[in-house]
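Take a look at the structure set out below.
What follows draws every value from the coordinates through simple rules; no lab data is involved. Note that the structure is predicted; figures quoted are calculated from it, not measured. Ideal geometry is used to build each Cβ from the backbone, glycine not excepted, and the neighbour counts take in all protein chains shown.
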Ligand code: WT7
C-alpha cells in the first residue's frame, strides 16, 4: 500500500484521552435509550452490509429497495441502488399524519426575533418555494446554490430543492464573493438563492453585494436569483429583472402542492465543497438514499433523538454538520429543532444556556471550540440557568480534552448526561465513530470505537493495523451508507484522493492520524495532510497561504491552527518592506477577499524566515507546536535551525 503524501504529523503518540477513566452509561439513560441492545455490534458484524437495512427502513421509500449494496466496481459503491425515494417527503410530508401541528423549527434571530414552523407550516412553504423554483426554470438535476445565513429560509430552500430533485450546493454565508463564484462555477450551477443581508452584532451587513460581486466573477451566467428579505428596511437592496423576491414567490405559490420527485437512491442530493489536500476545494457529492439512511439512523441511535425531543445542533448549516444534524437528521426523525442565528455571547455570555432553558432542550450538539469558549467565560453562566432538560450532549469537529469533557458534563449535563464524542467528516456524511450512549462506556477525551458496521482501522504505512497506543492512519475498510458517492471533479480524483487498494480490499483514507487502545477506542491525533481545522471549519493551508502571499511585500507564509482553534499566520516579508500594522491589515483583507471573513488570521507573526527541511518543505508541525506553546523535538536536521529561536521570540512578543 502506498501512503505517500501523508507525512504523519504529530506522531509522538500523545493521545487526547490521557487518562484511563471509563464512564459507564447512566442506567436511567440506558433504560430509555433508542439503542440499548449490546447485541447490535454483533448483529452488524455478522450481517455485513445487510445490517444497514435497519437504517434504510427508518425511511419511507417510493419504490422499495431490494439490493442493499452494489460493490461490483470498487471504490464506486452504490447503496440501495434499486430503491427510489424523496428526501423532502421523508423530512416533511410523512410527518403530517402524526404530527402536523408539532413544531419542526424554532428559530431565534440575531435581534431577538422568533419564528416557529410546525411540520404543516414547513410543508406549505417548502411546496410554495418548490413551485416557484420550478417556474423559474429549475429542473430535476439542476444544481441550485444557496448562500444564506442561519435563517429558516435556508433549510426550507434545501428541502424545496430536494422536493423537485434539484441538488443543492450550500455555500457558507461567511465565505467571500470569490469563494462563492468558484463554487458556482465548479458546481455548474445556474440558480442562486441568497438574501439582502444579515446582522452582525448591531450592524446590517450586505450579503447581496457579495453575491453580486460573485455573479460578475463567475463564468456561469445565472439564470435566476432569489433574494430573501432578511433585513426589511434596514438595507435597501434593489433587484434587477432576473432577481426575484423570495417572499413574493412564496406568496404567489402559497397553497400549491408539488409532487415530490422520486429519486434513485444513488441520485445526487447535494454537493458540499470542502478543503482538500490540494489547492482548490473539492465538491463532495452525497447520494440521496444512503446518506439519508445513515443520517437518520445516527440521529436516533447516537444522538438518541426522538420526535418528542427538543434538539439543538449549534453548527452552521453552511457546513456538513448543519446539513446532516441540523436539517436532514432531525427532520427525518420528526423532532423539534432549535435554529439559532446569533452568536453564543450576544447579548450576553449566557445566551446558549438561556436558549436551552427557554426551549427545554434535551439534546445539545456542539464543538470543542465552543466548549472551550464556554469554559473561558466561566461556569457561572451555565450554572445560573436551569439546564435539567438536558439528557444527552454531543461534540464534533476536533478532539475534546478530558478536562473540557468533564466541564461540559458537569456544568451543562448536570453531571449525569452521557456525552457522545462523534468523529466523522464531510465525506463520511454521517457519524462514523462514537459510543452508542445507552450501551458503550465512555472514555473522556477518546472518540470511542467505530459504530456498528463501520470497519475503521488504524494502520501503518503498509496498511497493517498498528499496536495499541501506536500512532497510525485512520482508515475505513468496508463501505458505509453515508459515504460520498464521488467528487464533482470526477472519478479519477475521487479514487486518488481517498482510496488505497491493498491485499484485503479497498480502504478509505480519512486523512487523520490516530491511536487505538486495548479496548478498541480511537483517539484522534489530528490531520496528517495539509488541512487545518479551525473554528470548526476546514481549510487547506495552501489556499490560505496563497492568499497571504498575494499581499504586496509578502514573500512566504505558513498557516497553522493553535489550541484555541485560532488561525496563526507566520509571514516573511521582502527586505525593503516594514512588517507593520497596515501590512497585517492587508493580509487580513486578502484572506477575507479570497476565502471569507472566517479565514482572517487571529495572529500574524512576522518572522525573518520559515523553518524548512533540507528539501525545502516548510515544517508546519513545528510552527504549530510553537503556536500552541508545546514542547518540540530536535530541530538540528532543519536547513535553517537558527530561525526557530527567532520565531519563538516573535510569537512571545505578539
Ligand atoms: C475533520 C473533518 C463532520 C464534522 C465536522 C467537521 C476532525 C471531526 C472529530 C472528533 C477529533 C474530529 C477530523 C476530521 N474531526 N470530528 N470527534 N474528534 N477530530 O467536518 O470539515 O469535514 O472535518 O474534523 O480531523 O477529519 P470536516
Which order, highest average first, do 253-259, 429-435, 165-171, 590-596 follow once you tally other Cβ atoms within 10 Å for each residue and take the mean per peptide?
-> 429-435, 165-171, 590-596, 253-259
Which value in nm describes the separation of the simple spin-label points at residue 219 and residue 649, placed 7 Å from the Cα toward the beta carbon?
-> 5.0 nm
Could you give the length gained on full extension between residue 464 and residue 576, defined as 0.36 nm per residue of separation minus the Cα-Cα distance, in nm?
-> 35.1 nm
Segment 530-653, relative contact order [Cα under 8 Å, separation at least 6], % = 22 percent
Taking every DSSP beta bridge that has both residues in the chain, what percent is antiparallel when rounded to the nearest 5?
-> 60 percent
Measuring from centroid to centroid over Cα atoms, what is the spacing of segment 21-70 and segment 112-188 in Å?
-> 31 Å
Mean shadow of the chain, computed from the convex hull of its alpha carbons, in nm²?
-> 27.8 nm²
Using 0.36 nm per residue of separation minus the Cα-Cα distance, give me the extension gain between residue 609 and residue 100 in nm, one decimal.
-> 176.9 nm
Unit Cα scatterers, Debye sum, segment 107-222: log10 I(q)/I(0) for q = 0.21, 0.22 Å⁻¹ = -1.18, -1.25
What order do you get for 484-497, 533-546 when each peptide is scored by the mean count of other beta carbon atoms within 10 Å, highest first?
-> 533-546, 484-497
Could you please state, rounded to a whole Å, how far the C-alpha centre of segment 580-654 is from the C-alpha centre of segment 466-533?
-> 28 Å
Can you sort 377, 353, 423, 319 so the residue with the fewest Cβ neighbours within 10 Å comes first?
-> 377, 319, 353, 423
Run the quick spin-label model on residue 50 and residue 262: label points 7 Å from Cα toward the beta carbon, then report their separation in nm to one decimal.
-> 2.6 nm
Semi-axes in Å, largest first, for segment 363-425 (Cα gyration tensor, √(5λ)) are 18, 14, 9
Mean projection of the alpha-carbon convex hull of segment 401-560 over all orientations, in nm²?
-> 12.3 nm²
Which length gain, in nm to one decimal place, applies between residue 503 and residue 202 when the Cα-Cα distance is subtracted from 0.36 nm times their residue separation?
-> 102.4 nm
Fewest first, what order do 324, 30, 275, 636 take by the number of other Cβ atoms within 10 Å?
-> 636, 30, 275, 324
Rounded to the nearest 500, what is the chain's calculated 222 nm mean residue ellipticity when only DSSP H runs of at least 4 contribute -39500 (n - 2.57) each, over all residues?
-> -8000 deg cm²/dmol
Report the calculated FRET efficiency for residue 67 and residue 116 (r = Cβ-Cβ distance, R0 = 51 Å), to the nearest 0.05.
-> 0.80
Which percent, nearest 5, of DSSP beta bridges in segment 118-261 are antiparallel?
-> 20 percent
Fraction of beta bridges assigned by DSSP in segment 530-653 that are antiparallel (%, nearest 5) | 75 percent
Give me the distance between the Cα centres of segment 224-281 and segment 351-402, rounded to whole Å.
-> 32 Å
